[in-house]
Amino acid sequence: MPQQEQERQSRVITRPSNREPRRFRVSVLNDDFTTFEFVIMVMMTVFMKTLEEAEDIAENTHVNQKATVGTYALDIARSKVAKAVNMARAEGFPLRFDIQAE
């Protein structure tokens, strides 16, 4: 490696970022076809909710048409939603989610 290239590389300073990554709220949307049992199962397996939390989310979704599941970094939010939607489609349910910046 030429001397100039080594000197240029040695001058690069990296500064740690003190900022938290931007967070995104994931919400589950109500529909008239997806069963409570399936929503609860998805909340527990994909979003790692306890049975009580999963039941509360399912009930809130039914009553309010929408319920917050959690807040995540964007890539994690997208990954969890994709997994949940794929599970729903495999079972024939139209379960949908919304991702919004906080």
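Among the residues making up the range 26-53, those that are in contact (Cβ under 8 Å) with a residue 24 or more places away in the chain and more than 13 Å from Lys80 (Cβ to Cβ) are Leu29, Asn30, Asp31, Phe33, Thr34, Thr35, Phe36, Phe38, Val39.
Among the residues of the range 58-82, those that are out of contact with any helix residue (DSSP H, G or I) (no Cβ under 9 Å at 6 or more places or on another chain), part of a helix (DSSP H, G or I) and under 18 Å from Met48 (Cα atoms) comprise Asn60, Leu74, Asp75, Ile76, Ala77, Arg78, Ser79, Lys80, Val81, Ala82. Restricting the first member to the range 54-72 and to residues that are without any contact (Cβ under 8 Å) to a residue 40 or more places away in the chain and under 18 Å from Arg25 (Cβ atoms), and the second to residues that are among the basic types (Lys, Arg) and assigned to a strand (DSSP E or B), the beta-carbon pairs closer than 9 Å and six or more apart or on different chains are Asn60/Lys66.
For the range 21-34, give me the residue count where each residue is open to solvent by 70 Å² or more (accessible area, probe 1.4 Å) and either more than 17 Å from Pro94 (Cβ to Cβ) or in contact with a strand residue (DSSP E or B) (Cβ under 7 Å, 6 or more places away or on another chain) (or both). Qualifying residue count, the range 21-34: 4. Working only within the range 83-100, note down all residues that are within 11 Å of the chain's Cα centre (by Cα) and part of a strand (DSSP E or B). Matches in the range 83-100: Phe97, Asp98, Ile99, Gln100. On the stretch given as the range 35-70, residues that are of a type in the set (Val, Ile, Thr) and crowded, with 16+ Cβ neighbours inside 10 Å total 7.
The set of residues in the range 73-102 that are surrounded by 13 or more Cβ atoms within 10 Å (Cβ to Cβ), touching a residue at least 40 places away in the same chain (Cβ under 8 Å) and closer than 15 Å to Leu29 by Cβ comprises Ala77, Lys80, Val81, Ala84, Ala88, Phe93, Leu95, Arg96, Phe97, Asp98, Ile99.
The values are calculated or read from the model by the stated rules, or taken from the named source; none is laboratory data. All of these numbers come straight from a predicted model, not from anything done at the bench. Quick reminder, even Gly has a Cβ in these numbers, built from the backbone with ideal geometry, and neighbours come from all protein chains shown. In case anyone asks, the SASA skips ligands and DNA or RNA and just uses the protein heavy atoms, side chains included. Shrake-Rupley method; radii C 1.70, N 1.55, O 1.52, S 1.80 Å.
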